[in-house]
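*Asks:* Okay, handing you the structure first.
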Amino acid sequence: MEVQDWVPYLIVLSSIAAILLLLGARSRLMADAASSEPAGIPIGNGQTIGVREEQDDYFSSVTTAHGTAAVLADGISGLAHGRMASTLSVTVFIREFLKLEDIRDVRHYFTKAAKVSNTEIVRNLKGAPGGTTLVAAVIADERLYWGAVGDSIIMVFRNGEFIRMNEKHILESVLQERYLTGEMTREEALDHPMKRRLINYLGYENFKSIEIGSEPFELHPGDRVVLCSDGVYNTLTEVEMEHILSKPLPPHDAAEEIIEAIEQKGLANQDNATVIIVDNV
């Protein structure tokens, strides 16, 4: 075979070699990119619509170089536009967390995200009633930072017990204070028909501020950070939740089991229910 007869074969072999080199370089770049991404921590969630016509709960989570943020909002079902309010607020909190450049600015992050959320919800409502509760947790360097408004809750499950982080922003808290100061009887406080009414939420024109943890909460190995809407804790007892969370289940499986337990009760007035579980390993 003459030399010129080898030319087509050499061209094909050169092309194949070039393709293999490009594929190898691409694989190395993808591996480098993957190794540079922040390692996520185990996180899971579960949700049920209950007997409501619309799912007004909304949630999301994200991991960056500064930590992991989990956000849950419960749109107020008794008001219009609950879904819009919860979706908008969670979106804003995630967006603002992605802008966070230093974990030491986390308090400012909570404050800014709450104010921006409230302003945008009020603007979208255009005078119509609406709003949402919200709880946000940031886990970084085995510390929990949190912010909350309304009656959704953040807890840490440790060694079979719950450690509550935030207060419920409902009238019941005010009534309890009035009872302690002697302004009303215990029975009047307990039997008040409006005791579960929210006194602070996002989308409220008189919104004051978001409750923020005064100091980061030191997490221990094995701690489970739990965020949930009132559709969870108004249906399941702490004992029932403890039983599920004590099992050696991944967070997503534990969250799904919590939702299954809620649905199995089949309550006639079951509210939307959402739970997020973040494990500190």
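*Asks:* Check segment 117-125 and report whether any residue there is open to solvent by less than 40 Å² (accessible area, probe 1.4 Å), assigned to a loop (DSSP other than H, G, I, E, B) and under 15 Å from ASN200 (Cα atoms).
*Replies:* no
*Asks:* Of the conditions (1) touching a Lys or Arg at 6+ places or on another chain (Cβ under 7 Å); (2) at positive phi, GLU96 satisfies every one except a single condition; which number is it?
*Replies:* Evaluating GLU96 over (1) touching a Lys or Arg at 6+ places or on another chain (Cβ under 7 Å); (2) at positive phi leaves (2) as the failure.
*Asks:* Quick test of your reading of the structure: GLU101 fulfils all but one of (1) assigned to a helix (DSSP H, G or I); (2) closer than 19 Å to ARG143 by Cα. Name the failing condition by number.
*Replies:* (1)
*Asks:* If I filter segment 261-276 down to residues being free of Cβ contacts under 8 Å to residues at least 60 places away in the same chain and part of a helix (DSSP H, G or I), which single residue comes out as nearest to LEU72 (Cα to Cα)?
*Replies:* Filtering segment 261-276 for residues that are free of Cβ contacts under 8 Å to residues at least 60 places away in the same chain and part of a helix (DSSP H, G or I), the one nearest to LEU72 (Cα to Cα) comes out as ALA261.
*Asks:* Considering only residues of segment 135-184 that are among the polar types (S, T, N, Q) and in contact with a helix residue (DSSP H, G or I) (Cβ under 7 Å, 6 or more places away or on another chain), which is modelled with the lowest pLDDT? Walk me through how you get there before you give the answer.
*Replies:* Initial filter on segment 135-184 (among the polar types (S, T, N, Q)): 152, 159, 166, 173, 176, 181.
After this cut, where a residue has to be in contact with a helix residue (DSSP H, G or I) (Cβ under 7 Å, 6 or more places away or on another chain) as well, the list is 152, 176.
Numbers: SER152: 94, GLN176: 53.
Among them, the one singled out is GLN176.
*Asks:* Also: Cβ contacts < 9 Å: first residue farther than 17 Å from GLY82 by Cα, restricted to segment 111-122; second residue open to solvent by 40 Å² or more (accessible area, probe 1.4 Å) and not in a helix (DSSP H, G or I), any location; separation 6+ or different chain. Result?
*Replies:* Hits for this filter: THR111/SER209; LYS115/SER209.
*Asks:* Additional query: Looking only at segment 112-140, count every residue that is of a type in the set (S, T, N, Q) and touching a strand residue (DSSP E or B) at 6+ places or on another chain (Cβ under 7 Å) and tell me the total.
*Replies:* Residues of segment 112-140 that are of a type in the set (S, T, N, Q), as a first pass: 117-119, 124, 132-133.
Remaining after also requiring touching a strand residue (DSSP E or B) at 6+ places or on another chain (Cβ under 7 Å): 117-118, 132-133.
Residues flagged as of a type in the set (S, T, N, Q) and touching a strand residue (DSSP E or B) at 6+ places or on another chain (Cβ under 7 Å) within segment 112-140 amount to 4.
*Asks:* Quick test for you: out of HIS108, HIS81, pick the one residue that is within 20 Å of GLN55 (Cβ to Cβ) and open to solvent by 40 Å² or more (accessible area, probe 1.4 Å). Working first, answer last.
*Replies:* On the way: HIS108 fails: within 20 Å of GLN55 (Cβ to Cβ).
Exactly one residue qualifies, and that residue is HIS81.
*Asks:* Right, here's the next one. Only residues that are free of Cβ contacts under 8 Å to residues at least 40 places away in the same chain and aliphatic (A, V, I, L, M): list them for segment 207-240, please.
*Replies:* Taking segment 207-240 as the starting set, the residues that turn out to be free of Cβ contacts under 8 Å to residues at least 40 places away in the same chain are 208, 214-215, 234-237, 239-240.
Within segment 207-240, LEU236, VAL239 qualify.
*Asks:* Tally the residues that are open to solvent by 10 Å² or more (accessible area, probe 1.4 Å), under 25 Å from ALA85 (Cβ atoms) and touching a Lys or Arg at 6+ places or on another chain (Cβ under 9 Å), restricting the search to segment 150-167.
*Replies:* Qualifying residue count for the region: 1.
*Asks:* Out of everything in segment 20-64 that is of a type in the set (A, V, I, L, M), closer than 25 Å to PHE97 by Cα and at pLDDT 95 or above, what residue ends up being least open to solvent (accessible area, probe 1.4 Å)? I'd like the intermediate steps shown before the answer.
*Replies:* As a first pass, look at segment 20-64 and keep what is of a type in the set (A, V, I, L, M): 20-23, 25, 29-31, 33-34, 39, 41, 43, 49, 51, 62.
Right, trim to closer than 25 Å to PHE97 by Cα and you get 33-34, 39, 41, 43, 62.
Next, only the ones that are at pLDDT 95 or above stay: 43, 62.
Values: ILE43: 60, VAL62: 32 Å².
Of everything passing the filter in segment 20-64, VAL62 is least open to solvent (accessible area, probe 1.4 Å).
The values are calculated or read from the model by the stated rules, or taken from the named source; none is laboratory data. Values in this document were obtained by computation on a predicted structure and should not be read as measured data. Cβ: placed from backbone, ideal geometry, glycine included. Neighbour counts: every protein chain shown. Please note that ligands, DNA and RNA were not included when accessible areas were found on the heavy atoms of the full protein model with its side chains. Shrake-Rupley method; radii C 1.70, N 1.55, O 1.52, S 1.80 Å.
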